[in-house]
Amino acid sequence: MNFQTIFNNKSPEVEALAPGRVNLLGEHTDYNDGFVLPTAIPQKTAVQIGFSDDGLYHFYSEDLNERVDIGEDGFRTGSMPTLQSQFASYIFGCIQVLKQLGYTILPFNLYIKSSVPMGSGLSSSAALEVATLRGIRQLFNLPINDVEIAQFAQQAEINYAHVQCGIMDQMASSLADTKHMLFLDTRTLERRVLPLPRGASILVIDSGVPRTLAGSGYNQRRAECEEAAQILGVKALRDVTDVSRVETLPEPLRKRARHVVTENNRVLEAIQIVETQDETRHVSSLQKFGELMNASHASLRDDYEVSVPALDILVDILQKTPGVFGARLTGAGFGGATVALVAQGEESNIATKVLEKYNNYGHTGNLLVGG
Ligand code: ADP
Ligand code: MG
């Protein structure tokens, strides 16, 4: 399949790409107005776009082998949509956000092909939105910048796909690349693009455990954080920097708040390490960065209680494997993936060893990034 076969032999006018992302540090901090540190992964979503000549928008995903035809009003033509045609709402949302800003977005054909795994926590949804917005920007020559692209993408996801997401995923997809990480203050959107720690690579392994409880667990943690902030008299837990302040909170709010406060501090420490990393001391910098990742996992496991036994096993194996500087669960938890900082060039070796051990526990781990 390609654009021409799906869209009556027409050729695309533009093509745009956007990567998925993985968060290195700063988990469950974004809805507390805190700090995050994601980087882009090599997997990308590509969209090709060309003008449509029948007054309808046509979207086709090669990955889902699914096509959606909709009018300007967003109503679908033809058969009833299946559940998966949810994908069209991300694209339709991007169009609507731009139209509301006063831009004229004429009907177009859009073809999607992606190597970002869907629903694995690597943010295929943000990659789809950012690629779509980049393509539309190019096609219609719109004067919008990369930060606005991230913001419009987030609005599309919240208001049209009805997913309550923070801004991290879209900012990472729009501003980071695989050699750089994005330090982002999710309150002010102040940001810095920093090189990945020198001498290290990223390894992402999926635990094979589906994130079944992620939705309800996530909402509960959000509510707990809001309650903790209210009791402490701050707008958001980001406003607490001295961890001793959380000690007066009742459990489990004390633990939850302690995770958020220490996690924010870990992100700030990590960027300090990277900014002062020099040629002679780079291994010790990597070790320090790795220790922060290990501490993040312990905090997510013990204080935030969003880990599961399989993730703990996988992280433990990673942390004990030579060449691994640090490892932790990444994403909301309750299953899903782990991220590790490993010695450059050792990715494949490490992944093979780790997966062999992990799968002996009866799990099916899957290498997503690295190697
Ligand atoms: P994640 O962003 O972690 O991968 P989400 O549940 O947020 O998981 O987003 C996944 C959804 O995004 C898919 O169910 C689909 O609707 C949409 N999507 C992402 N990538 C594609 C793609 N290549 N083709 C069609 N839809 C996609
Ligand atoms: Mg997503």
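The values are calculated or read from the model by the stated rules, or taken from the named source; none is laboratory data. Computed from a predicted model, the values in this text were never measured in an experiment. As a convention, Cβ positions derive from the backbone with ideal geometry for all residues, glycine included, and neighbour counts pool all protein chains shown. Heads up: the accessible areas ignore ligands, DNA and RNA and are worked out on the full protein's heavy atoms, side chains in. Shrake-Rupley method; radii C 1.70, N 1.55, O 1.52, S 1.80 Å.
Of the residues that sit in the stretch 146-175 and are among the small types (Gly, Ala, Ser) and either part of a helix (DSSP H, G or I) or at pLDDT 95 or above (or both), which one is nearest to VAL267 (Cα to Cα)?
Let us first name the residues in the stretch 146-175 that are among the small types (Gly, Ala, Ser), namely 150, 153, 156, 161, 166, 172-174.
In the following step, the residues that additionally are either part of a helix (DSSP H, G or I) or at pLDDT 95 or above (or both) were identified as 150, 153, 156, 172-174.
Working: ALA150: 21, ALA153: 25, ALA156: 28, ALA172: 15, SER173: 19, SER174: 20 Å.
The qualifying residue nearest to VAL267 (Cα to Cα) is ALA172.
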(request) Give me a count of the residues in the stretch 91-134 that are more than 16 Å from ligand 2 (Cβ to nearest atom) and part of a helix (DSSP H, G or I). (result) 8
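Within the stretch 109-123, identify whether any single residue is over 22 Å from the mean Cα position of the chain (by Cα), open to solvent by 20 Å² or more (accessible area, probe 1.4 Å) and farther than 23 Å from THR39 by Cβ, and answer yes or no. Before the answer, list the steps.
Filtering the stretch 109-123 down to residues over 22 Å from the mean Cα position of the chain (by Cα) leaves 109-111.
Cutting the leftovers down to open to solvent by 20 Å² or more (accessible area, probe 1.4 Å) gives us none.
Scanning the stretch 109-123, I find no residue that is over 22 Å from the mean Cα position of the chain (by Cα), open to solvent by 20 Å² or more (accessible area, probe 1.4 Å) and farther than 23 Å from THR39 by Cβ, so the answer is no.
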(request) Those residues that are among the small types (Gly, Ala, Ser) and under 20 Å from LEU122 (Cβ atoms), I need them from the stretch 210-229; list them, please. (result) ALA214, GLY215, GLY217
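With GLY166, GLY215 as the choices, which residue is in the same structural domain as PHE108 (by TED's automatic domain parsing) and among the small types (Gly, Ala, Ser)?
One residue alone meets the criteria, GLY166.
So for the stretch 99-106 (the condition being surrounded by 23 or more Cβ atoms within 10 Å (Cβ to Cβ), within 11 Å of ALA156 (Cβ to Cβ) and over 20 Å from the mean Cα position of the chain (by Cα)), does at least one residue qualify? Even if it seems obvious, please write down each step before you answer.
Step one: filter the stretch 99-106 for residues surrounded by 23 or more Cβ atoms within 10 Å (Cβ to Cβ), giving none.
Among the residues of the stretch 99-106, not one is surrounded by 23 or more Cβ atoms within 10 Å (Cβ to Cβ), within 11 Å of ALA156 (Cβ to Cβ) and over 20 Å from the mean Cα position of the chain (by Cα), which makes the answer no.
So which of ALA126, ALA176 is among the aliphatic types (A, V, I, L, M), within 12 Å of ligand 1 (Cβ to nearest atom) and in contact (Cβ under 8 Å) with a residue 40 or more places away in the chain?
Numbers: ALA176 fails: within 12 Å of ligand 1 (Cβ to nearest atom).
None of the others qualify; the one that does is ALA126.
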(message) Cβ-Cβ distance below 8 Å, separation of 6 or more or different chains: which pairs start in the stretch 313-342 with a residue that is within 17 Å of GLY362 (Cα to Cα) and open to solvent by 10 Å² or more (accessible area, probe 1.4 Å) and end on one that is modelled with pLDDT of 95 or more and basic (Lys, Arg)?
(response) ILE317/LYS357
